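Values in this text are rule-based calculations from the coordinates and carry no lab data. Here the structure is a predicted model, which means the values were calculated and not measured. All Cβ positions, glycine included, derive from the backbone under ideal geometry; neighbour counts span all protein chains shown.
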């Protein structure tokens, strides 16, 4: 019975850490999407205004 409680506690800790990792990845995914949208908007504004960087 004591070993079963230890196994359940270890599984609970692993699931807790995995859940936190997944939530942080979801947050970083949204941050990446927002940064991508901002970069596209800035690129479009520069392209439309004709201030593109030409070498």
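Just to confirm the number: angle between the C-alpha axis of helix 2-49 and the first principal axis of the chain, 0 to 90 degrees, nearest 10? On a 0 to 90 degree scale, this one is about 0.
Note on residue 4 and residue 22: the model spin-label points, each 7 Å out from Cα along the C-beta direction, lie 2.6 nm apart. Shown here: Cα Rg over 2.2 N^0.38 Å, derived from the displayed model; of the candidates (i) 1.05; (ii) 1.19; (iii) 2.29, it corresponds to (iii). Our helix-only sum for the chain, with -39,500 (n - 2.57) per DSSP H run of n ≥ 4 divided by its residues, gives a mean residue ellipticity at 222 nm of -32500 deg cm²/dmol.
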